[in-house]
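K.L.:
Could you have a look at this structure, given as structure tokens, before my questions?
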Amino acid sequence: MESSTRRQATRQKLYEAAVTLIAEQGFSATTVDEIAERAGVAKGTVYYNFASKSVLFEELLRHGVGLLTASLREASEKTAASGGSKIDALDAMIRAGLVFIDRYPAFTQLYVAELWRTNRAWQSTLAVVRQEAVAVVEDVLRDAVEGGELSEEIDIPLTAAALVGMVLVAALDWQAFQPERSLDDVHAALSRLLQGRVTGGR
């Protein structure tokens, strides 16, 4: 019987192989044979871990967005523990999002591309995991409104979605078109937007 740690490691290899291949050539064009070869495992190992290529991809999305959600939550909790404000927590979450995207660029591209497709088997899974990530931001926004840091007029679900979207798209744009910029530069620009410091004057 394969140990759970070993199985976890095998799955991690399969996720990494699948994500790079699918980002390079698309889901339909990627075969299970290629995923196995890229991961350095036998084809049977893929099917032992995942019933099909679709299931592998669905689990990959769940796994990747789960990592993102955990890093957003951790950023928020660390800020709270050090006595920071809710705006500080949102700022730390923006940075955590950028760090995640910088570390997993192929996954982020895939995730953003899949979000807008409507005919996929994993659409409902994607909606669930997206909501889990956005909910972490919603919670902090809600606390910020209750604590008087933000106006009661803000629409929490739309604002949370806008913040997550801003980080995703700005980071992909940074990697594709402005790779010479540092993570600090991108974070500083988004931080100014968050804190409403883009208008002139005071």
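The values are calculated or read from the model by the stated rules, or taken from the named source; none is laboratory data. As the structure is a computational prediction, the values presented were derived from the model and not from experiment. Cβ atoms come from the backbone with ideal geometry, glycine included; neighbour counts cover every protein chain shown. All accessible areas refer to the heavy atoms of the entire protein, side chains included, with ligands and DNA or RNA removed. Shrake-Rupley method; radii C 1.70, N 1.55, O 1.52, S 1.80 Å.
K.L.:
In region 73-159, what percent of the accessible surface is made up of carbon and sulfur (1.4 Å probe, ligands and nucleic acids excluded)?
P.N.:
50 percent
K.L.:
Something else: Want the number for Ser82 to Ser182: 0.36 nm per residue separation, take away the alpha-carbon distance, what's left?
P.N.:
Using 0.36 nm per residue and subtracting the Cα-Cα distance, I get 33.4 nm.
K.L.:
Could you compute the FRET efficiency for Gln8 and Lys43, with r as their C-beta to C-beta distance and R0 at 22 Å, rounded to 0.05?
P.N.:
0.65
K.L.:
At 1.4 Å probe radius, can you tell me the per residue accessible area of the chain in Å²? Display every interim value, and only then the final one.
P.N.:
Details: 11050 Å² over 202 residues.
I get 55 Å² per residue for the chain.
K.L.:
Here's a follow-up. Mind checking which lysines have their Cα closer than 29 Å to the Cα of Lys86? Skip sequence neighbours fewer than 8 apart in that chain.
P.N.:
Lys78
K.L.:
Here's another thing I want to ask about it. Can you tell me which aspartates and glutamates have their Cα less than 18 Å from the Cα of Lys13? Leave out same-chain residues fewer than eight positions away.
P.N.:
Once the sequence-local aspartates and glutamates are set aside, what remains near Lys13 is Glu2, Glu24, Asp33, Glu34, Glu37, Glu58, Glu59.
K.L.:
Between Ala113 and Ala29, what length comes free when the chain is fully extended (0.36 nm per residue of separation minus the Cα-Cα distance, one decimal in nm)?
P.N.:
28.7 nm
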